[in-house]
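First comes the structure, then the notes that go with it.
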Amino acid sequence: MTWKNTTDRYGALTIGLHWLMLLLLAAVYAAIELRGIFPKGSAENDAMKTWHFMLGLSVLVLAVLRLCVRLSAPTPRIVPTPPLWQTRLAGLVHIALYVLMIGLPLAGWLMLSASGKPVPFFGLQLPMLLDANKELAGQIKEVHETVATAGYFIIGLHALAALFHHYIARDNTLLRMLPSHGKGATTMR
């Protein structure tokens, strides 16, 4: 497998970034969901929030890198070619995923800034993007939480679509993103 994408399959860089993003997103969601098992104000609850912030900002960094790679490399073709409606729907879902991966971390950063709270990033303090404004922080928090909830469905739709393509449409959509070698990675058996 090469590092770069070809017209037949994704390269190791794209595949690695895709699966690393999945792990990061799972960790971001887990950190914020698991904080609820600890009492509010406890060290464990605060640690989960801090991890949520730092991992969320890591998603932002990785998403920008993914977008640069995506824009600079070919997208492997799907064989057999899916109907136009599926291609367009997939494009919309990918846009929604990038909105999640870039927009949610930025909203979190804005929310912390408007709350007047530090923005931690693995030992660094990132700059505030806004002056403290509690009302604005609350509004950003509502948007952040609503979009994050929608993220569960968008990520789930993305995964279901990959399984649909693999098991029902029987095309190479999923195979192009798997880190496997050999004939099965580019064609259906």
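Compare S58, S72, S115 in a GNM of the chain, Cα atoms joined below 10 Å, and give the one with the largest fluctuation.
S72
Where does helix 12-34 land angle-wise versus the long Cα axis of the chain, in degrees 0 to 90, nearest 10?
Around 40 degrees separate the two axes.
Using the Cα centre of the chain as origin and beta-carbon charges of +1 (Lys, Arg) and -1 (Asp, Glu), tell me which of S58, Y10, L106 is placed farthest towards the positive end of the dipole.
Working it through, the farthest residue towards the positive pole turns out to be Y10.
Defining a contact as two alpha carbons under 8 Å apart and six or more residues distant in sequence, what relative contact order in percent does the chain show?
Reported relative contact order: 22 percent.
Within the stretch 89-189, report the chymotrypsin sites (Phe, Trp or Tyr not before Pro) that DSSP leaves as loop and that have at most 11 other Cβ atoms within 10 Å.
Passing sites in the stretch 89-189 are F122.
How big is the Rg/Rh ratio for the stretch 12-185, C-alpha atoms only, Rh by Kirkwood, two decimals?
Using only Cα positions, Rg/Rh for the stretch 12-185 is 1.03.
Does anyone have the angle between helix 84-98 and the longest principal axis of the chain? Alpha-carbon axes, 0 to 90°, nearest 10?
30
Please list, ordered by chain and number, the residues whose modelled amide H lies under 5 Å from the amide H of N172; skip anything fewer than 5 residues away on the same chain.
Under 5 Å from the amide H of N172 lie the amide H atoms of V79, each far enough along the sequence or on another chain.
Each reported figure results from applying straightforward, stated rules to the coordinates on display, with no laboratory input. These numbers come from a predicted model, not from an experiment. Heads up, the Cβs are rebuilt from the backbone with ideal geometry, glycines too, and the neighbour counts pull from every protein chain shown.
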